[in-house]
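Just below is one structure, and these are the notes that go with it.
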Amino acid sequence: MPAPQYWDDVKEGQEFEMEEATDSQRLVIWAAASGDFYQIHYDDNFAKNNKLPDIIVHGALKGMWVGKLLDELAGDNGWVKQWDVSYRGMDIAREPVTIFGKITKKYEQGGEHLVDLEVGVRRKDGSVSTPGTGTVRLAKK
């Protein structure tokens, strides 16, 4: 889990990562929290009978993990101004994924100390299933 960052200390190109497990228990908990009980997310037989290799991770869960990464970077004295992701591919359950963020711009605007980031969910083969962007206001020392 990345530590909270200060605007003074970060630089463009800096990267942050965290790994998330995608076991079936986690997907069932997310299904209960989100109300998304489509069986492709927790029922092995149902998923395979629908021509999937295994159960798949909820798209909204992947988006929430990106939000979690940004919130961790912001810390208690920062703020996630916005984030957005696109669901471009399925992530198979039981294979860990990496949630990442890379600072693409560091700037001041309207008295705020901001960073823009390229964010997403990366599979173990390096492909990105869920690309996106985010803007975080960071505390200044």
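Overview of values
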| quantity | calculated |
| --- | --- |
| Cross-chain or 6+ apart pairs with Cβ under 6 Å, segment 14-32 first and touching a residue at least 12 places away in the same chain (Cβ under 8 Å) and within 15 Å of residue 54 (Cα to Cα), then open to solvent by less than 70 Å² (accessible area, probe 1.4 Å) and assigned to a helix (DSSP H, G or I) | 27/41 |
| Number of positions in segment 91-134 that are within 13 Å of the chain's Cα centre (by Cα), at pLDDT 95 or above and not acidic (Asp, Glu) | 19 |
| So residue 126, is it assigned to a loop (DSSP other than H, G, I, E, B), small (Gly, Ala, Ser) and open to solvent by 10 Å² or more (accessible area, probe 1.4 Å) | yes |
| Flag for residue 100 being free of Cβ contacts under 8 Å to residues at least 12 places away in the same chain and either open to solvent by less than 20 Å² (accessible area, probe 1.4 Å) or more than 22 Å from residue 11 (Cα to Cα) (or both) | no |
| Single match in 84, 76, 116 (criterion: in contact with a Gly (Cβ under 6 Å, 6 or more places away or on another chain) and open to solvent by 20 Å² or more (accessible area, probe 1.4 Å)) | 84 |
| Answer residue from segment 10-26, given it is open to solvent by less than 60 Å² (accessible area, probe 1.4 Å) and either more than 20 Å from the chain's Cα centre (by Cα) or aliphatic (A, V, I, L, M) (or both) and is farthest from residue 139 (Cα to Cα) among those | 21 |
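Each row is one residue, and each column tells you yes or no for (1) in a helix (DSSP H, G or I); (2) of a type in the set (Ser, Thr, Tyr); (3) over 30 Å from residue 140 (Cα atoms); (4) within 15 Å of the chain's Cα centre (by Cα).
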{"position": "1", "(1), (2), (3), (4)": "no, no, no, yes"}
{"position": "8", "(1), (2), (3), (4)": "no, no, no, no"}
{"position": "28", "(1), (2), (3), (4)": "yes, no, yes, no"}
{"position": "47", "(1), (2), (3), (4)": "yes, no, yes, no"}
{"position": "54", "(1), (2), (3), (4)": "no, no, yes, no"}
{"position": "65", "(1), (2), (3), (4)": "yes, no, no, yes"}
{"position": "76", "(1), (2), (3), (4)": "no, no, no, no"}
{"position": "80", "(1), (2), (3), (4)": "no, no, no, yes"}
{"position": "89", "(1), (2), (3), (4)": "no, no, yes, yes"}
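The values are calculated or read from the model by the stated rules, or taken from the named source; none is laboratory data. Computed from a predicted model, the values in this text were never measured in an experiment. Note that we place each Cβ from the backbone using ideal geometry, even for glycine, and neighbour counts take in every protein chain shown. These accessible areas exclude ligands, DNA and RNA; they are computed on the full protein's heavy atoms, side chains included. Shrake-Rupley method; radii C 1.70, N 1.55, O 1.52, S 1.80 Å.
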